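In what follows, a single structure is set out as structure tokens and then discussed.
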Amino acid sequence: MRDGMTIGGLAKAAGVNVETVRYYQRRGLIAEPHKPPGGHRRYPAGIVGQIGFIRKAQQLGFSLAEAKSLLDLSDGKDRRSTRVIAEKKCASLDVHITHLRLMQRRLKALIEKSRKARGRTACPIIAELLASD
């Protein structure tokens, strides 16, 4: 048997589908091996770890571009650059969380208005969504 695995074997080993592997290749996150004439590309086992790395980075909120930057630093020697990327992501998440909390407060207020609405008045939630700013 030849060294490495097919794209299907790689996808299965990494817990993703084949299209995810192809997408990561197009984005430059993983290398696309040479295709021999009349044969199939063979992926080294280490690519499974790279795909796992990318998926864990995404679970922490990193974009694929940020995951690529982190992959480029995956030898672990440049802690400062890695930390800067993580700090920027953390700051971005803080802004996003603040925005989500504001949305939640507004929605809770509309829900409470809806509970208190009586008679034939329009639904406060719909009225808010229809209102022009």
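For this structure, a couple of remarks:
- Selection count, segment 1-23, where residues are of a type in the set (Asp, Glu) and modelled with pLDDT of 95 or more: 1
- Tally, over segment 24-41, of residues that are in a loop (DSSP other than H, G, I, E, B) and either closer than 27 Å to Ser63 by Cα or at pLDDT 95 or above (or both): 7
- The combined condition, being over 30 Å from Ile125 (Cβ atoms) and either assigned by TED's automatic domain parsing to the domain that holds Leu129 or touching a Leu at 6+ places or on another chain (Cβ under 9 Å) (or both), is not fulfilled by Gly38.
- Residue match in segment 123-133 (condition: modelled with pLDDT under 95, touching a Lys or Arg at 6+ places or on another chain (Cβ under 6 Å) and in a helix (DSSP H, G or I)): yes
- Candidates in segment 42-64 are the residues that are more than 12 Å from Ala31 (Cβ to Cβ) and without any contact (Cβ under 8 Å) to a residue 24 or more places away in the chain; of these, the one that is surrounded by the fewest Cβ atoms within 10 Å (Cβ to Cβ) is Gln59.
- Restricting segment 20-41 to residues that are surrounded by 12 or more Cβ atoms within 10 Å (Cβ to Cβ) and among the small types (Gly, Ala, Ser) leaves a set whose member that is nearest to Ile7 (Cα to Cα) is Ala31.
The values are calculated or read from the model by the stated rules, or taken from the named source; none is laboratory data. Source: prediction; values computed, not measured. When we count neighbours, we look across all protein chains shown, and the Cβ atoms used for this are built from the backbone with ideal geometry, even at glycine.
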